[in-house]
Amino acid sequence: MNFETLLLTTQDHVAAITLNRPQVLNALNATMLRELDEAFAALALDSSVRAILLRGAGGKAFAAGADIAELAKVDSSSGELMAETAQRIFRRIETLGKPVLAIIDGFALGGGCELAMACTLRLAASTARLGQPEIKLGIIPGYGGTQRLPRLVGRGAALKLLLTGQIIDAAEALRIGLVDEVVEAAPAAQSPDANHDPLGTRALELVRTLAAQPPLTIAAMLDAVDRGADLPLDQAIALEASIFGRLCATQDMREGTRAFLEKRAANFTGR
């Protein structure tokens with residue numbers, strides 16, 4: 001697929017999407033959002049892809065937020081439509097049925113932070129900076145930030161970030177649960193093209209681990225966690241039992257148990 005604002009590659013069951021507007025710190029404009037929708041829709045249907053990496057080009061930002069030049073032109077109705085469109089796209093990413101790993105190198109602010117929160121896991125360089133500074137523009141986050149942030153970090157920590165617009169470092173983001181892992185950044189003098197990229201190396205290691213898992217089980221696990229989070233406990237564990245039973249009838253379950261008993265690595269096929 002050819003894109004104007006994205007780069008997309010696939011190799012060994014892993015897809016890599018790069019937000020490619022480094023000249024504006026990968027700000028999310030309408031074209032990029034549309035292309036993200038197209039890319040993830042295609043990857044959802046590609047059975048050869050089992051896990052996805054998402055990162056920003058340039059080394060300075062994952063995504064610094066929405067495109068302010070576009071945002072400045074919206075009114076009430078077009079602003080609501082903008083938010084609804086991005087929310088639908090980010091929800092697609094969140095419910096894709098395949099793990100999506102956000103690699104945060106530099107800034108993840110506003111819509112960029114919201115995009116990262118829609119991913120399955122967030123891996124950050126120690127130099128990363130995250131936040132929801134929309135209040136300083138006289139608006140609230142519109143791409144899901146007021147809802148996902150409290151679910152990730154708790155109501156109090158979320159409100160502190162939302163109401164102050166504070167930008168936090170990677171260590172604080174890890175402490176409150178906004179990111180899942182922090183990797184020490186390469187020295188500033190290190191060439192970005194050099195073979196020493198601790199963040200990229202760790203991300204590839206993690207995504208390959210995810211891609212090696214049984215794909216039906218990965219999809220079911222993500223579904224159980226996503227749907228069960230908003231259910232009363234009795235209904236949530238009933239959902240879990242139903243999904244557990246469904247997986248017990250798969251070839252991958254037979255392969256997994258047989259491989260364990262035979263003391264060998266399992267070969268999962270997604271059936």
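Applying the criterion of being under 18 Å from Leu222 (Cα atoms) and over 16 Å from the mean Cα position of the chain (by Cα) to the residues of the range 39-86, the residue that is surrounded by the fewest Cβ atoms within 10 Å (Cβ to Cβ) is Leu45. Take Leu109 and decide whether it is modelled with pLDDT of 95 or more and in the same structural domain as Thr201 (by TED's automatic domain parsing). Answer is yes for this residue.
Restricting Ala171, Ala185 to those that are out of contact with any helix residue (DSSP H, G or I) (no Cβ under 6 Å at 6 or more places or on another chain), assigned to a loop (DSSP other than H, G, I, E, B), in the same structural domain as Ile52 (by TED's automatic domain parsing) and more than 28 Å from Leu71 (Cβ to Cβ) reduces the list to Ala185.
Of all the criteria given as (1) among the aliphatic types (A, V, I, L, M); (2) touching a Gly at 6+ places or on another chain (Cβ under 6 Å); (3) modelled with pLDDT of 95 or more, the one not satisfied by Leu130 is (2).
Among residues of the range 66-87 being of a type in the set (Gly, Ala, Ser) and in contact (Cβ under 8 Å) with a residue 60 or more places away in the chain, the one that is farthest from Cys113 (Cα to Cα) is Gly79. Among the residues of the range 196-230 satisfying the criterion of being among the acidic types (Asp, Glu) and not assigned by TED's automatic domain parsing to the domain that holds Thr257, which is farthest from Leu152 (Cα to Cα)? Selected residue: Asp197.
Annotation: of all residues in the range 215-246 being touching a residue at least 12 places away in the same chain (Cβ under 8 Å) and closer than 16 Å to Arg50 by Cβ, the one that is nearest to the chain's Cα centre (by Cα) is Leu222. Considering the range 87-102, the residues that are under 8 Å from the mean Cα position of the chain (by Cα) and among the hydrophobic types (A, V, I, L, M, F, W, C) include one that is surrounded by the most Cβ atoms within 10 Å (Cβ to Cβ), namely Ala102.
The values are calculated or read from the model by the stated rules, or taken from the named source; none is laboratory data. Just so it is clear, the structure is predicted and the values come from calculations on it, not from any experiment. All Cβ positions, even for glycine, are placed from backbone atoms using ideal geometry, and neighbour counts span all protein chains on display.
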